[in-house]
Structures are given as C-alpha cells and as structure tokens.
Amino acid sequence: MLARRVIIWIYAGVFIGVALLSGVFFFQTYQEYAQLRRVEADTRQRLAQAEQRLQNQARVLDRLRNDPAFVERVIRLQLRYAKPSELIFRFEE
C-alpha cells in the first residue's frame, strides 16, 4: 500500500512538473508570437506608406510625361529656369 502511494505521488509530481514546463514553454511561445504580430503590423504599416509614396511618384511621373504646363512649373521651381524675356529676383532668407 505504501509503495502504491509513493508511485502515485511520483506520477503526480512528474505530471505537475511536465505541466509547469509546458506552461512556461507555451508562455514563451505566446510572447514570441505577440512580438511577431507587432513586427508584422509595423511592416504592414511601412508597406502601406511605401505603396502610397509609389502611387504619388507614379502620378507625378504621369504628369511629367503628359502635362507640359506641369513640366514647365517643375523646371521653373526646382531648377530655377526662366524664359529669355523674364527677369528673376532671388532674395536671401
């Protein structure tokens, strides 16, 4: 009878130990999963921003290809070009 109780207690101890180790393992796995979800959310947000920039650049490129007035405006603003009959005043800030 005593040997049976000792065996039951040993099995109970092993079961509790395995349960605790499993709990720790699953807790660590859940933490890693949560971290990966945060990284995924951040990556998705960066991807959305990159896609938005790409769309903006595609619109500008399309306008540069098809809109002569836009091309002239860009050249005047960014390259500071002027027509031969124009006079440009530049002020230091």
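Values in this text are rule-based calculations from the coordinates and carry no lab data. Just so it is clear, the model here is predicted, and its values are computed rather than measured. Glycine also receives a Cβ, built like all others from the backbone with ideal geometry; neighbour counts cover every protein chain displayed.
A few comments on the model shown:
- Here the translational diffusion coefficient of region 2-79 follows from Stokes-Einstein with Rh set to the Kirkwood radius across Cα pairs; for 25 °C and 0.890 mPa s it amounts to 133 µm²/s.
- Rounded tilt (10° steps) of 2-66 against the dominant C-alpha axis of the chain: 10
- Under a Gaussian network description of the chain, with springs only between Cα atoms under 10 Å, the residue in Phe27, Phe15, Phe70 that fluctuates furthest is Phe15.
- Estimated FRET transfer efficiency when R0 is 30 angstrom, pair Gln55-Leu79 (beta carbons, to 0.05): 0.75
- Projected label distance in nm at Val39 and Arg65, using a 7 Å step from Cα toward the beta-carbon: 3.8
- Exposed trypsin sites (Lys or Arg not before Pro) absent: longest stretch of the chain, with sites in DSSP loops and at most 16 other Cβ within 10 Å deemed exposed: 1-79
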